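Undergrad: Before I ask anything, let me first share the structure, which is written out below as structure tokens.
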Amino acid sequence: MTNNQIIENFSPFNSLELFGLNKYFLDYKKLIENKKIPKVTMFSGDKGIGKFTLSLHLINYFLSVNSKNDYDLLNKKINKESAIYKSILYNICDNFIYVGNETNKKISINDVRQIKKKFNTTSLNNIPKFTVIDDVELLNINAANSLLKLIEEPSENNYFILINNKQNKIIETIKSRSIETKIFVKKNEKKEIFNKLLDLHNIESHFSHNFLNLSSPGNLIKFSDCLKKMKINSDATLYEVSSKLLNNYKKSKNETDIYTLSFFLEIKFFNQIHIENKKFNKLLEIKKDIMKLIYDYKNYNLSTSTVLDYIKRHELYA
């Protein structure tokens, strides 16, 4: 299995088993059974913690009740032979719409218009329709206003699940129209989920796996894969890693490079405070400055040299 296959197979669309989040699943299962599921649900929490996977499992359970190859409630598993699951996987399900940031392209007003168009053109049936919008906190004001018109008065069979990854402050009007559930896992649960994912995908040990406290299980697998592909080890300097990942981002525009660099910066900070304990405040100040430069690099197209020159001047990190 190649690294690319690991990431592809790890996609929530292919996550047949739900690891952790059992309480959240059971709470929403009760709402489904009592026909009290909110018209607009918002799952808020760290990116990569399993919010989208939870959504897919709930939807598969909801839509496959009393059908052949229905959802396995005992083991929290989607039956891969389920007609509902197959139609979702191949994007031919009339009762499921997904809008997300999979290709690092921000959700636009046109994406929201496509949702409305699909509402008007899908087959008329009495089965509920679910729309999942990922990275909802990254909606621009025009897309947010368009979405508001859809969620203010959803029709009887239309339900929305908004995924808030807390990467930006969410627009208050969107939040106020939603029933929010904050998704959180304890340290021991996080470790258990991560270990199950490692076993499932047969992923070899990597130095970054020692820093689960700095990330979520889903993101850590992506970051580890990125570091391995770029042949970056624990001894690499921040300057070297920044040079590789920023130049790679310049070519690919894959935001995983940016997030991996931020993660590596956190690792360096974590390691340095154990060596330079008396310089904690100084290290923290420099780390914040570097982090801001990294995101300005992405958002405002700074030159690579601007970031690298700053890192080079600060030998605590370089």
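The values are calculated or read from the model by the stated rules, or taken from the named source; none is laboratory data. Please read these numbers as outputs of a predicted model, since none were measured by experiment. Reconstructed Cβ throughout: ideal geometry from the backbone, glycine too, with neighbour counts over all protein chains shown. With ligands, DNA and RNA removed, areas are computed over all heavy atoms of the protein, side chains included. Shrake-Rupley method; radii C 1.70, N 1.55, O 1.52, S 1.80 Å.
Undergrad: Out of Asn95, Asn91, Asn34, Asn22, I need the residue that is over 26 Å from Pro154 (Cα atoms) and not acidic (Asp, Glu). Which one?
TA: Going through Asn95, Asn91, Asn34, Asn22 in turn, the sole match is Asn22.
Undergrad: When the residues of the stretch 126-151 are filtered to those that are open to solvent by 20 Å² or more (accessible area, probe 1.4 Å) and in a helix (DSSP H, G or I), which remaining residue is nearest to Ile37 (Cα to Cα)?
TA: Selected residue: Leu150.
Undergrad: Hey, could you check the stretch 295-306 for residues that are farther than 20 Å from Gln167 by Cβ and part of a helix (DSSP H, G or I) and say which is nearest to the chain's Cα centre (by Cα)?
TA: Once the filter is applied, the top-ranked residue is Thr304.
Undergrad: Only one of these conditions is not met by Ser44: (1) more than 27 Å from Leu138 (Cβ to Cβ); (2) of a type in the set (Gly, Ala, Ser); (3) touching a strand residue (DSSP E or B) at 6+ places or on another chain (Cβ under 7 Å). Which number is it?
TA: (1)
Undergrad: List pairs: first residue in the stretch 138-154 and touching a residue at least 12 places away in the same chain (Cβ under 8 Å), second residue open to solvent by 20 Å² or more (accessible area, probe 1.4 Å) and not in a helix (DSSP H, G or I) anywhere in the structure, Cβ distance under 6 angstrom, at least six positions apart or on different chains.
TA: Partner pairs satisfying both residue conditions: Leu138/Lys106; Leu138/Asn168; Ala143/Ser108; Ala144/Ile171; Ile151/Arg177; Pro154/Lys39.
Undergrad: When the stretch 163-191 is examined, which residues are found to be touching a helix residue (DSSP H, G or I) at 6+ places or on another chain (Cβ under 7 Å) and part of a strand (DSSP E or B)?
TA: Ile163, Asn164, Thr181
Undergrad: Within the stretch 234-255, take every residue that is surrounded by fewer than 15 Cβ atoms within 10 Å (Cβ to Cβ) and part of a loop (DSSP other than H, G, I, E, B) and give me the one that is modelled with the lowest pLDDT.
TA: Looking at the filtered set, the residue picked out is Lys253.
Undergrad: Identify the residue in the stretch 164-221 that is among the acidic types (Asp, Glu) and within 28 Å of Lys106 (Cα to Cα) and, among all such residues, is surrounded by the fewest Cβ atoms within 10 Å (Cβ to Cβ).
TA: For the stretch 164-221, the residue satisfying everything is Glu172.
Undergrad: Determine which single condition Asn195 fails, assuming it passes every other condition in (1) without any contact (Cβ under 8 Å) to a residue 12 or more places away in the chain; (2) more than 20 Å from the chain's Cα centre (by Cα); (3) on the phi < 0 side of the Ramachandran plot.
TA: (2)
Undergrad: A further question follows. Filter the stretch 65-114 down to residues that are touching a strand residue (DSSP E or B) at 6+ places or on another chain (Cβ under 8 Å) and assigned to a strand (DSSP E or B) and give me whichever is most open to solvent (accessible area, probe 1.4 Å).
TA: Among residues in the stretch 65-114 that are touching a strand residue (DSSP E or B) at 6+ places or on another chain (Cβ under 8 Å) and assigned to a strand (DSSP E or B), the one most open to solvent (accessible area, probe 1.4 Å) is Lys77.
Undergrad: Consider Asn120 carefully, then state whether it is free of Cβ contacts under 8 Å to residues at least 60 places away in the same chain, out of contact with any helix residue (DSSP H, G or I) (no Cβ under 9 Å at 6 or more places or on another chain) and surrounded by fewer than 17 Cβ atoms within 10 Å (Cβ to Cβ).
TA: yes
Undergrad: Out of all the residues in the stretch 25-50, which are in contact with a Lys or Arg (Cβ under 9 Å, 6 or more places away or on another chain) and hydroxyl-bearing (Ser, Thr, Tyr)?
TA: Once the filter is applied, which keeps residues that are in contact with a Lys or Arg (Cβ under 9 Å, 6 or more places away or on another chain) and hydroxyl-bearing (Ser, Thr, Tyr), the stretch 25-50 yields only Ser44.
Undergrad: To continue, here is another question. So which pairs qualify, if the first residue must be in the stretch 84-97 and more than 15 Å from Ser11 (Cα to Cα), the second must be assigned to a strand (DSSP E or B) and among the basic types (Lys, Arg), the Cβ gap must be under 6 Å, and the two must be at least 6 apart or on different chains?
TA: Correct list of pairs: Asn95/Lys129.
Undergrad: Of (1) open to solvent by less than 60 Å² (accessible area, probe 1.4 Å); (2) farther than 22 Å from Lys222 by Cα, Asn277 satisfies all except one. Which?
TA: Failing condition for Asn277: (1).
Undergrad: Looking at (1) surrounded by 13 or more Cβ atoms within 10 Å (Cβ to Cβ); (2) more than 18 Å from Ile311 (Cα to Cα), can you tell me which one Lys231 breaks?
TA: Against the list (1) surrounded by 13 or more Cβ atoms within 10 Å (Cβ to Cβ); (2) more than 18 Å from Ile311 (Cα to Cα), Lys231 comes up short only on (1).
Undergrad: Check Lys292, Lys279 and return the single one that is assigned to a helix (DSSP H, G or I) and more than 30 Å from Lys106 (Cα to Cα).
TA: Unique residue meeting the criteria: Lys279.
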